[in-house]
Amino acid sequence: MGEPKLRVQDVHLAFPGLPVLDGVSFDVAPGEFVSLIGPSGCGKSTLFDVVAGLHRPDAGRVVVDGRDATGRVDPFAYMPQQDLLFPWRTVLDNTALGLEVAGVPRRTARRRAGELFGAFGLAGFEGARPAELSGGMRQRAALLRTVVQDRAVLLLDEPFGALDSLTRADLQTWLDDVRAGFGWTVLLITHDIREAVRLSDRVVVLGPRPTRVRCEIPVDLPRPRPQEATAAAGAVEAEVLAALRPG
Amino acid sequence: MGPALAVVAGLLVVWQVGVEVSGVAPQILPSPLRVLEQGWAYREQLWANTVPTLQATAVGFTVSLALAWGLAVAVDFSPWLRRALTPLLVASQTLPIIAIAPLLIIWFGFGLAPKVVVIALVTFFPMTVGLIEGFDSTPRQATRLLRSMGASRWAQFRYVRLPGAMPSFFTSLRIGITYAVTGAIFAEYVGATAGLGIFMSVQKNSFRTDLVLAAVVVTALLSVTLFALTFLVQRLVAPWSRDG
Ligand SMILES: Nc1ncnc2c1ncn2[C@@H]1O[C@H](COP(=O)(O)OP(=O)(O)OP(=O)(O)O)[C@@H](O)[C@H]1O
Ligand SMILES: [Mg+2]
């Protein structure tokens with residue numbers, strides 16, 4: 001492996017009276033898809049806050065492309081758990097928000113976001129209001145808003161958590177496809193072992209709070225990966241489950 | 001709307017019939033038809049007294065609106081101001097501001113000034129609190145999202161906090177506008193040279209209950225019109241925020 005795209009180095013963080021991150025370290029290679037999985041409340045979202053530059057760690061560093069990026073927001077595009085599409089903006093204006101905030105002129109921002117509508121299955125909905133979209137489409141619009149910012153690393157916090165299982169499976173297939181085309185580097189938080197194994201090149205398993213990396217499990221399965229359960233995928237899932245529940 | 005109008009019509013009929021059957025004196029309770037008839041006969045005087053009331057309402061409410069926005073935005077940007085003013089604003093909600101209206105007449109005389117001050121006072125606090133709460137209703141996750149995009153505090157305000165405050169703002173605007181008319185009438189009632197409030201006071205003293213009620217009808221029409229206007233403005237300014 002060459003130089004990692006993202007390196008999380010011995011990150012510590014405590015809220016008053018509550019140690020949450022206890023020396024978290026892992027790397028993500030360029031173009032790699034890595035899932036973070038861990039017990040509920042162990043500190044996954046907090047770790048994202050630190051990586052995304054929203055919260056300073058008490059100790060440790062975040063490094064992107066070999067340069068210190070601790071406390072910086074610009075190398076990362078972050079997709080929160082809720083879609084957070086704003087009702088006062090059309091779908092197109094919502095997806096262009098990140099660019100607008102970054103100072104890109106409104107017309108350019110809209111054009112750049114608009115170019116992705118086809119690939120994201122949203123063509124024809126540019127002028128719609130978010131409330132007119134289905135749950136799956138809203139999630140795709142939120143992802144579009146994330147990736148169009150053209151940041152080095154995508155941080156996705158349980159992007160499919162609120163969807164029904166059918167929509168979820170379809171979105172996973174779709175995400176696996178588009179990601180291959182665009183070559184994104186992705187860090188994904190999920191509760192869903194099957195989802196992690198479906199999508200990832202590697203699964204990073206976190207321990208209970210105060211959390212640190214318990215182990216890393218490579219997923220050496222050929223792509224495209226089928227929606228149905230396979231024996232090979234099942235074996236990796238069992239391995240992740242065993243890592244989450246030792247003993 | 002339909003059922004509400006039917007209820008009003010029904011009540012008016014009961015009132016009219018009741019007055020005719022009982023033969024109660026019009027000084028005590030005039031019939032609705034008489035109120036209408038006399039209101040029409042005195043339309044010029046009524047109108048001449050409506051204009052100053054409307055004027056006071058417009059000026060007072062505009063002043064109040066500008067102050068409310070100024071203060072609410074300042075509080076939103078300054079944690080120190082927030083800590084200093086929030087308890088005061090909440091406490092002010094419990095003050096019977098109407099009760100100090102007579103004092104304002106003493107201080108500002110009988111012209112436009114005391115009316116404007118009363119209207120501004122009664123509408124300022126609910127609208128300021130409504131705006132501040134509106135800005136604060138921004139979900140934490142939305143703030144995180146904007147920060148991750150590199151948004152400054154000003155950009156967060158412009159893109160999320162301000163538009164997100166619109167539903168709450170229009171709710172408080174509707175409360176404010178009804179208070180404004182009431183405030184104007186009350187200020188005039190306490191002391192003024194012209195206006196619906198003083199008109200009512202004068203007619204009451206000469207036992208023209210029918211004309212007092214005619215002025216009440218005009219006041220109600222005024223309030224309802226202004227109230228309806230806020231929905232129109234909301235539809236124009238923030239069509240996505242229409243509640244219900
Ligand atoms: N701003 C904060 N102040 C104090 N404590 C916090 C704060 N944010 C999170 N916590 C606490 O830190 C712990 C980790 O929270 P976090 O949201 O990172 O967990 P998580 O792994 O993302 O959980 P979930 O699986 O439910 O999404 C929790 O106990 C939470 O209550
Ligand atoms: Mg979380």
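Over chain A, what relative contact order in percent results from Cα pairs under 8 Å that are six or more residues apart? Before the final figure, lay out each step's value.
Working: 474 pairs, mean separation 65.0, N = 247.
Over chain A, the number comes to 26 percent.
If I take every Cα pair under 8 Å that is 6 or more residues apart in the range B:32-241, average their sequence separation and divide by the length, what percent do I get for the relative contact order?
Details: 240 pairs, mean separation 60.4, N = 210.
Contact order relative to length: 29 percent.
Find out how many positive minus negative residues lie around A:Ala169, taking Lys and Arg as positive, Asp and Glu as negative, among other residues whose Cβ is under 12 Å from that of A:Ala169. Write out the running numbers ahead of the final one.
Values: positive: A:Arg168, A:Arg194, A:Arg198, A:Arg225; negative: A:Asp164, A:Asp170, A:Asp176, A:Asp192, A:Glu195, A:Glu228.
Around A:Ala169, the charge tally is -2.
Please list, or write none, the aspartates and glutamates whose alpha carbon is within less than 18 Å of the alpha carbon of B:Lys115, excluding same-chain residues fewer than 8 places away.
By straight Cα distance, B:Lys115 reaches B:Glu188.
Evaluate the relative contact order of the range B:117-169 (contact order divided by residue number), counting alpha-carbon pairs under 8 angstrom at least 6 apart; express in whole percent.
53
In nm, to one decimal, how far is the modelled label at B:Trp69 from the one at B:Thr193, with both set 7 Å along Cα→Cβ?
Rounded to a tenth, the inter-label distance reads 3.2 nm.
So if I take the centroid of the Cα atoms in the range A:164-236 and the same for the range A:29-106, what is the distance between those two points in Å?
19
Within the set of other residues whose C-beta is less than 10 Å from the C-beta of B:Met200, count the net charge using Lys and Arg as +1 and Asp and Glu as -1.
On the way: positive: B:Lys204, B:Arg208; negative: B:Glu188.
Here the charged neighbours net out to +1.
How much FRET efficiency would the formula 1/(1 + (r/R0)^6) give for A:Asp22 and A:Asp150, where r is the Cβ-Cβ distance and R0 is 25 Å, rounded to 0.05? Mind dumping the intermediate values first?
On the way: r = 33 Å, r/R0 = 1.34.
E between A:Asp22 and A:Asp150, to the nearest 0.05, is 0.15.
Over the alpha carbons of chain A, what is the largest minus smallest coordinate on each principal axis, giving the biggest first in Å?
53, 42, 36
Assigning unit charges at the beta carbon (Lys, Arg +1; Asp, Glu -1) and nothing else, what dipole magnitude in debye, to the nearest 20, does the protein assembly as shown show about its Cα centre? Walk me through the intermediate numbers first.
Details: 45 positive and 40 negative charges, 181 e Å.
Dipole of the protein assembly as shown, to the nearest 20 debye: 880 debye.
Counting only protein heavy atoms and using a 1.4 Å probe, what share of the accessible area of chain B belongs to carbon plus sulfur, as a whole percent? Show your work: numbers first, answer last.
On the way: 9340 of 12740 Å².
Carbon and sulfur atoms account for 73 percent of the accessible area of chain B.
Angle, helix B:2-22 long axis vs. longest principal axis of chain B, Cα atoms, 0 to 90°, nearest 10?
30
Against the longest alpha carbon principal axis of chain A, how many degrees, from 0 to 90 and to the nearest 10, is the axis of helix A:135-147 turned?
80
How tilted is helix A:165-182 with respect to the longest principal axis of chain A? Cα atoms for both, answer in degrees (0 to 90, nearest 10).
Around 80 degrees separate the two axes.
Work from the charge dipole of chain B (Cβ charges, +1 for Lys and Arg, -1 for Asp and Glu, about the Cα centre) and give the residue of B:Ala220, B:Gly2, B:Thr171 farthest towards its positive end.
Positive-end residue among those listed: B:Thr171.
Under a straight-distance cross-link criterion of Cα-Cα below 23 Å, which lysines are reachable from A:Lys44, leaving out those fewer than 8 residues away in the same chain?
In chain and number order, the partners are A:Lys5.
Run the simple label-point estimate for B:Met1 and B:Leu29 please: 7 Å along Cα→C-beta, distance reported in nm.
3.1
If you roll a 1.4 Å probe over the heavy atoms of the protein chains, what accessible area per residue do you get for chain A, in Å²?
On the way: 10310 Å² over 247 residues.
With the other protein chains kept in place, chain A gives 42 Å² per residue.
Please work out the C-alpha center-to-center distance from the range B:3-33 to the range A:117-148 and express it in whole Å.
Taking the Cα centre of each part, the range B:3-33 and the range A:117-148 sit 59 Å apart.
Which positions within the range A:47-69 get 40 Å² or more of their accessible surface covered by the other protein chains, compared to the chain by itself, with a 1.4 angstrom probe?
Buried on complex formation: A:Leu54.
What fraction, in whole percent, of alpha-carbon pairs in the protein assembly as shown exceed 27 Å separation?
Values: 80512 of 120295 pairs.
Result: 67 percent of Cα pairs exceed 27 Å.
The values are calculated or read from the model by the stated rules, or taken from the named source; none is laboratory data. Worth saying up front: this structure is predicted, and the values here are computed from it rather than measured. Glycine also receives a Cβ, built like all others from the backbone with ideal geometry; neighbour counts cover every protein chain displayed. The accessibility values were calculated without ligands, DNA or RNA, using every heavy atom of the protein model including side chains. Shrake-Rupley method; radii C 1.70, N 1.55, O 1.52, S 1.80 Å.
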